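What follows is calculated from the coordinates using simple rules that are stated; it is not laboratory data. As the structure is a computational prediction, the values presented were derived from the model and not from experiment. Here the Cβ is made from the backbone with ideal geometry for all residues, glycine too, and neighbour counts use every protein chain on show.
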Amino acid sequence: MPHYKVAIVGAGPAGYFTAQALQNSQSDDLIFSIDMFERLPTMWGLVRSGVAPDHPKIKTVAKVFEKIASDPNFRLFGNVEIGRDLDIEEMCPRYDAVVMCTGSSIGKKLGIPGEDLPGSLSAADFVPWYNGHPDYANVVVPLDGTTAVVIGAGNVAMDCARMLALDPSELDSTDTVQHALDAFHKSNVRKVHIVGRRGPEHAAFTSPELRELPKLEHTDVMISADVINAANTRASVGEIDKQLASNFEAFHLVAEKKPLGHPRSMEFHFLSTPKEIKGNGKVEEVIFGINEVKDGKVVDTGNIYSIKTSLVISAIGYESLPIPGISFMKGKIENEAGRVLGTNIYTVGWAKRGPSGVIGTNKSDASDVVKLLIEDLDPEPKQGGDITVVLPTSITVVDQSAWSKINAAEIAAGEAAGKPRIKEVSKVRLLEMGTK
């Protein structure tokens, strides 16, 4: 019976769904042993460090991940970084396939003057800061001003804007990390502008996210009905797909709800391109160019407007962090349908296709790539020896048992405080928790 060994690099949704697809593909004639590698002592990737704390239902997918990890042919190697602790060249001979599920963690740049001023942040720094990612615990988020600007027209931008505009008391019962929760309680931000370069018809928000906005209890959300109607008219020239029609319906629900005079508000602006961030030693103002749609194209009118602010968060996309031994192009691993040509390496998720889709998208993506992987398998499995032979002894590996202890300790601490969990952000303490 062929018994193949597969390495999965990255313990996020793409990684776990790849493991699940391999497990589901097994038969009497095909068995997989799976080794999953994660550079952090904590697992679940964006489910832990990307999903907004006020969306706990999305995080329940972690239960699926833990079931996948309970398989006797699954091994976890947490706190092991590929390219630092292990080289790709050391892994490939020891596995029949290596699947890179490393995601996209670097925020794309706006490419405008003033972008590097203090007070200008990427969502790639802000989101993991409030979600307790160990690498981002010391990010400086200035919340002393009354106004914040979020640039982007996708769900990440909306999450950032909503976290800034919510009454912090609404986050007290969530798993928002304590340093961020303390900062939000002290925040002076009361007005949040969310700004997109194109029109509402091109926005990447999803309708469930939009439909939540009128339900916010302590925050007025404003979208111009005229802007939505104009976008609807433009989109009606062609056939409107179901997703866009649902978005327009949700936009109208937001536009129709009259502001109640809450001290906190979110306001949407479209057809606005950031031109410059101004300030003397810190962010003080953002200049936007006003766009219009001509013949289906977004063009600059030459007119501008500005918003006074001390905080700008750009949420315009992500790129993958390069890994030694892997070829990257345009922010993704260079691949064809998930195959990294000329190797026994594959890729799934954002590292493969870029930052698109929702968490569930990775399930079908993983299934498709695993089918290709199985097609490519040699009749005889590799006999390259176990990876532990070349794993540095200086590393404290977080295996499934250690991760279960970390997870249980965080949940127990959370129960005592009326929260889903209290996240630990110190790598040293996380490693200690895994040994108790």
Full extension from THR233 to THR60: what is 0.36 nm times the residue separation minus their Cα-Cα distance, to one decimal in nm?
58.4 nm
For LYS278, the lysines lying under 17 Å Cα to Cα, once residues fewer than eight places off in the same chain are dropped, come out as LYS109, LYS308
Going by alpha carbons, how many degrees (0 to 90, nearest 10) lie between the helix axis of 155-165 and the longest principal axis of the chain?
60 degrees
Column: log10 I(q)/I(0), Debye, Cα scatterers of the chain, q = 0.06, 0.07, 0.10, 0.13 Å⁻¹
-0.28, -0.38, -0.76, -1.19
Chain lengthening between GLU336 and ASN24 when straightened (0.36 nm per residue, less Cα-Cα)
110.0 nm
May I ask you to list the lysines whose Cα is less than 18 Å away from that of LYS363, ignoring any residue fewer than eight positions away on the same chain?
LYS57, LYS59, LYS63, LYS67, LYS352, LYS371
Take the alpha carbon atoms of segment 249-287, find their center, do the same for segment 60-87, and report the distance between the two centers in whole angstrom.
40 Å
Under Karplus coefficients 6.51, -1.76 and 1.60, residue-wise ³J(HN,Hα) of segment 84-100 in Hz, glycine/proline x:
10, 8, 9, 9, 4, 5, 7, 7, 4, x, 9, 10, 6, 7, 10, 10, 8
GNM on the chain, C-alpha springs below 10 Å: top fluctuator among ASP87, ASP378, ASP182?
ASP378
Under 15 Å from a label point 7 Å along Cα→Cβ of LYS405: give me every residue in segment 418-436 with its amide N that close.
428-436
Expressed in nm to one decimal, what extension gain is obtained for the pair LYS278 and LYS382 from 0.36 nm per residue of sequence separation less their Cα-Cα distance?
31.6 nm
Treating cross-link reach as a plain straight distance, find the lysines whose alpha-carbon is under 16 Å from the alpha-carbon of LYS258, omitting any fewer than eight places away in the same chain.
LYS215
Run the numbers on the chain and let me know its relative contact order in percent, using alpha-carbon pairs under 8 Å that are six or more apart.
23 percent
Going residue by residue through segment 111-120, the Karplus relation 6.51 cos²θ - 1.76 cosθ + 1.60 with θ = phi - 60° gives ³J(HN,Hα) values, rounded to whole Hz and with x marking Gly or Pro, of x, 10, x, x, 5, 8, 5, x, x, 9
Amide H neighbours of GLU267 under 5 Å, counting only residues 5+ apart in sequence or on other chains, H built in-plane at 1.01 Å?
VAL192, HIS193, ILE194, MET222
Taking θ = phi - 60°, what integer Hz values does the Karplus form 6.51 cos²θ - 1.76 cosθ + 1.60 yield along segment 291-296, in sequence order, with x for Gly and Pro?
9, 9, 9, 10, 6, x
What distance in nm separates the two pseudo spin-label positions at ASP241 and ASP135, each 7 Å out from Cα along the beta-carbon direction?
3.2 nm
